[in-house]
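The values are calculated or read from the model by the stated rules, or taken from the named source; none is laboratory data. Just so it is clear, the structure is predicted and the values come from calculations on it, not from any experiment. We place every Cβ from the backbone using ideal geometry, glycine too, and count neighbours over all the protein chains shown. When the accessible area is computed, the model is the full protein with side chains, heavy atoms only, and any ligands, DNA or RNA have been set aside. Shrake-Rupley method; radii C 1.70, N 1.55, O 1.52, S 1.80 Å.
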Amino acid sequence: MEFHKKLLEYIGQSLMTADETVAVAESVTSGCLQLAFSQMPNASLVYKGGMTAYTLPMKVKLLNVNQEEAEKCDCVSENIAETMALNVAKLYETDWSIATTGYCTPIRNSSYKIFAFFSFSYKGEIIHTGKLELHPKTQALNAQLYYTEFILGCFKTEVSKNREVQSRLQLKINGNERIKVS
């Protein structure tokens, strides 16, 4: 399985330049994001690792998801994705994290819909959470691959935004230093 090479190169280079790291907590994508990050050039410099916590007990045990809340929503909600993202970043001690939870096949618990929630954290804060919905006849593997590619694209956007903010801050700091020196 091969993922969008330029996308992975951009993410990897951006994280290396910023000296930042990422970890992943997956459910619905079942390791696809971890596979994608492992294909990134110099992956070990930016990708600390990840986990697939597919069942409710594992999400509760490993990612500190609230069991009562998880039982109410079959462990699929915006808040569950956010909790997973925050806790995988703590566990792996990373700057960034990505978490996914959802359905890749239409079942009764999903009202026979195929959808996923994903969330990104940066330095202990949730910076983006989204929901993807696919046609109910989408094949499971195709759903997982689509989720993975889409989430990587969104992650690239967040990394880009962060780079721009950091660049502006550095320019402002440098500008203030010049003013003080003059």
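Numerical summary
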item	result
Taking the chain and dividing mean pair separation by its residue count, relative contact order in percent (alpha carbons under 8 Å, at least six apart)	21
Estimated vicinal HN-Hα couplings, Hz - the stretch 96-109 in sequence order (Karplus 6.51, -1.76, 1.60; Gly, Pro = x)	10, 8, 10, 9, 9, 7, x, 10, 10, 9, x, 10, 4, 4
For the stretch 55-64, 3J(HN,Hα) per residue [Karplus equation, 6.51 cos²θ - 1.76 cosθ + 1.60, θ = phi - 60°, Hz, x = Gly/Pro]	9, 4, x, 6, 5, 5, 5, 8, 10, 6
Share of carbon and sulfur in the accessible heavy-atom surface of the chain [1.4 Å probe, %]	52
Flagged links, alpha-carbon separation over 23 Å, of K131/K156; K90/K156; K6/K90; K6/K48; K59/K131	K6/K90
Mean residue ellipticity (222 nm) of the chain, computed from DSSP H runs ≥ 4 via -39,500 (n - 2.57), nearest 500	-17000 deg cm²/dmol
Cα gyration tensor shape of the stretch 13-78, rounded if a/c is under 1.5, else prolate or oblate by comparing a/b with b/c	prolate
Equivalent ellipsoid, the chain (semi-axes from 5 times Cα gyration tensor eigenvalues, Å)	32, 18, 14
Two-site label geometry, Y10 and K161: point separation in nm, points 7 Å out along Cα→Cβ	1.5
Listed peptides 81-92, 134-145 by packing density, highest first (mean Cβ within 10 Å)	81-92, 134-145
